[in-house]
Structure formats: structure tokens, C-alpha cells
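The values are calculated or read from the model by the stated rules, or taken from the named source; none is laboratory data. Since the model is a prediction, treat every value here as computed from it, not as a measurement. Here the Cβ is made from the backbone with ideal geometry for all residues, glycine too, and neighbour counts use every protein chain on show.
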Amino acid sequence: MNFSNLLADRTRNMGSSAIRELLKVVEQPGMISLGGGIPAPESFPLQLFDDLTSQVLKKYSSNALQYGPSEGFRPLREALVVYLKKSDIRTSVDNITITCGSQGVLDSIGKILISKGDKIAVEAPTYIGALSAFNPYEPEYIALETDYDGVIPESLEKALKHNKIKFVYLIPTFQNPTGRTIPLERRKKIAEIIRYYNALLLEDDPYSSLRYRGEAIPAIKTMAPDNVLYTSTFSKILAPGLRIGFSVGPELITKWMVLAKQGIDLHTNTFSQALAAEYIEGGHLDKHLPRILSIYKPKQEAMLNALAKYFPGNFQWSKPAGGMFIWAEGPSGFSTEKLYCKALERKVAILPGQYFYPHPGMGLETMRLNFTMMDAPTIDKAIKILSEVIKEELSRVSMSYS
Ligand SMILES: Cc1ncc(COP(=O)(O)O)c(C=O)c1O
């Protein structure tokens, strides 16, 4: 049977994710993957899960296994109010929604806000999973210009001035894919612009806790609270398999997200929510986060050192103070798609950057490098091999490098 004639029109925009295809390749024996974007398994507190599980069963008994409200498990939302206050995000239980990962927020926002042809402003490049979440609702993307400090405020202002934008989507801290962070002054400018145009900003913040150097920078949510829907996740500070994400107000958007969730999945897994509540309430996050940072920091340093040691002079890369990714750019005309194929032959997987752009033909010379999965010596080896392949490619297309 061929059922393709049964598919809804919206599936036209639902291509298979390049990352998923790549993950299949990564599973080949002997492959060194800098292409994925998942946390290191050794960062999961396995022993602690034993304790959390028995504490949750003792504390909540059968309630931890029961259906729950679509808004989320109340003790988790209460714990998040206290947790967020430490980052100066002031909210109430009523404005917090618990979702199936922060991906759940991206999907329900697509569902309640995007009608076909609506304009959405996104960084170029941006998180591929957000494009996958929004695409079925058939938006038109306005690509915002970025530099080494993230989105350029003038580009945002121009987009809002000349277009009717449904919402702006940004990842201001240790962005996926670039690792870049918008500095404080630029955040203030962005908040001012968002407020001036009475726009809605979806601020996606999965990585800010993964800071290896420097001072934390406040979320844009703290600067324009009524205009920002803030979202974050337990995926990078506990374990992604729990699938616990959350969003913080505005009120009307929260109300509609809850209504949408009733049709999506009724509510997020109660047991996972109870574990997450116990994780923050019991002070376990404060104890475990330094361990996660101590795992990732040397890996990131190994990658930055290896890039400086091996990469050709006409390549540039981001030097983030945290997160999970480094973004590298070759000279104009260089193809990271070709590099991807050649590097695979040498058992190194990278992710070409073009998949992270909202429009085809952008970022052909860029790539995303992940440093959380491999150990430091393997990262050094992979970057060395990658540099050799790059140099071969550069000389093949007679490009000069120093
Ligand atoms: C920027 C960004 N947003 C959202 C997500 C989704 O994360 P989760 O659904 O696991 O919370 C990710 C995952 O890597 C991400 O990088």
C-alpha cells in the first residue's frame, strides 16, 4: 500500500532532521563523533537516582504515579519559582508550565501562534530542532544577522520595523549551534527593542548553567518580563531522558500552552517531574552541577587548544565560556558538506553548519563541533585528523592557507 496520498499538507515541511541521519552514522564502530549534541553519560548522577526514587515514593506515594494537571506537578513548579529567583527571574507558580523537554515548549508555541505564512524572526544560524518544531505550521522565517556576539540588535530592529513578526526566537547564552553569548549591553538593547515594538520573544536557555569561565549574564526575561516567554530544561543539568522542560509566562501564552498540552499529551510524566522537584528542592543540583562542569571544562579546553594547534589560519572559530558547542568557519567557497564526507572516511563525524540556517544556501562553509561526548585525548586526535582533511580539501580547490 502507498499511503503517501493520505499525508497532510503540513508534512511537506517535515524533512528528516540532518542530526538524526548523522546520529545513525555515528553509531558505526570506531567513529569519533563531534557531530552530535548530547550530554556525556558520565554526567548523569546514577547513584543519586536511586536515592531520589525512594525519596519521591516516600514523599508522594501513589501521587507520583498518577495522572496530573496539564500545567505540571505543583511541587516542581513551586521549586522552580525559588530556583529561578536566584537568576533574578521573578514569577509565580501560575506562570510556569512543565513540558516534555524544552522541545515541548517549541512545539506548543508553534501550535498556538503560527498560522501558515506568519513571520518568525530567528538567528541565522539557529537551533535545528526549533526549525523542526515550527516548520509543520508553515511559517516564513526572517533571518536575523549575527556576529561573534550573537544577534545584531539593528538587524532585529529592522525586522520588527518592516514586518509583522509573530514572535522572535533567540538562544542568547552558549547558543546551539555557535556557542555564542549575547553580552549584557546588547541584551539590554534587545530588551528595549522588544518592548518598543511590543513584540514577543521566545528566549530558549538550555545551556546557561554550563558556564566554565566568567560571570553569569542575566536572561533577557529579567529585562523585559512581560514580553518574554522564557524556556529551559533539566536535560543538561540532570538527564535528557527524563524529558523535563519548562516555560515561564506571559499569562495569556501560558494559558494557551496549557490548553494545547491537553491535546498533545495531557501532561508531562509525573514521576520524572517528581524526581526533578526533589533534585532541586533537596539541594542536589547545587552539589551535582560542579561535577558536570568538571567533566565538560577540560573537554572544551582540549578542543580549543587543538583548534589553535592544528586548524589552518584561514579558519575561525568561536571561543565560548560554556555550553556544548564550538562553531568553526572556513574561507568563503569552502564546503563543509564535502568535508563531512571526507572526514567520515577517516572516522571523524562533524555536522555541516548549513542545516542550522532557516534558508537554503546559507553557511555552506560553517560547521558545528560538539565536545561533550569524547574524552580530551580523543578530541585532540579528531581535530588533528579534521585539520588534515581540511588541508587536503583546501589544496584540492587551490585555496591558500597559512
Ligand atoms: C537550543 C535548544 N533548545 C531546546 C533543546 C531541546 O532540549 P530538551 O527538549 O531536551 O529540553 C535543545 C536540545 O539540544 C537545544 O539545544
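Of the residues that sit in segment 165-201 and are in a loop (DSSP other than H, G, I, E, B) and among the small types (Gly, Ala, Ser), which one is nearest to residue 304 (Cα to Cα)? Please lay out each step first, then the result.
Quick first cut of segment 165-201, residues in a loop (DSSP other than H, G, I, E, B) only: 171-183, 197-200.
Next, only the ones that are among the small types (Gly, Ala, Ser) stay: 179, 199.
Working: 179: 12, 199: 37 Å.
Here the answer is 179.
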Only unsatisfied item for residue 41, checking (1) without any contact (Cβ under 8 Å) to a residue 40 or more places away in the chain; (2) more than 30 Å from residue 298 (Cα to Cα), is (2)
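For segment 211-244, enumerate the residues that are farther than 27 Å from residue 193 by Cβ and either in contact with a Leu (Cβ under 7 Å, 6 or more places away or on another chain) or within 11 Å of the ligand (Cβ to nearest atom) (or both).
Going through segment 211-244, the residues farther than 27 Å from residue 193 by Cβ turn out to be 212-213, 234-244.
Within segment 211-244, 212, 234, 235, 236, 237, 238, 239, 240, 241, 242, 243, 244 qualify.
Keeping to segment 93-128, report how many residues are acidic (Asp, Glu) and within 16 Å of the ligand (Cβ to nearest atom). Steps first, answer last, please.
To start, the set of residues in segment 93-128 that are acidic (Asp, Glu) comprises 94, 107, 118, 123.
Next cut, within 16 Å of the ligand (Cβ to nearest atom) only: 107, 123.
Residues flagged as acidic (Asp, Glu) and within 16 Å of the ligand (Cβ to nearest atom) within segment 93-128 amount to 2.
Scan 90, 77 and give me the residue that is buried (at least 20 other Cβ atoms within 10 Å of the Cβ) and more than 16 Å from the ligand (Cβ to nearest atom). Steps first, please.
On the way: 90 fails: buried (at least 20 other Cβ atoms within 10 Å of the Cβ).
Every option except 77 fails the conditions.
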Residue that is under 25 Å from the mean Cα position of the chain (by Cα), among the hydrophobic types (A, V, I, L, M, F, W, C), buried (at least 17 other Cβ atoms within 10 Å of the Cβ) and within 30 Å of residue 298 (Cβ to Cβ), where the choices are 52, 34 = 34
Given (1) over 18 Å from residue 178 (Cβ atoms); (2) within 20 Å of the chain's Cα centre (by Cα), number of the condition residue 112 does not satisfy = (2)
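Tell me the residue from 316, 262 that is within 30 Å of residue 114 (Cβ to Cβ), at pLDDT 95 or above and more than 16 Å from the ligand (Cβ to nearest atom), please. Spell out the reasoning first.
Numbers: 316 fails: within 30 Å of residue 114 (Cβ to Cβ).
Answer to the selection: 262.
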Checked against (1) surrounded by fewer than 24 Cβ atoms within 10 Å (Cβ to Cβ); (2) over 23 Å from residue 395 (Cβ atoms), residue 370 satisfies every condition except (1)
With respect to residue 345, is the statement that it is acidic (Asp, Glu) and either closer than 20 Å to residue 207 by Cβ or in contact with a Pro (Cβ under 9 Å, 6 or more places away or on another chain) (or both) true?
-> no
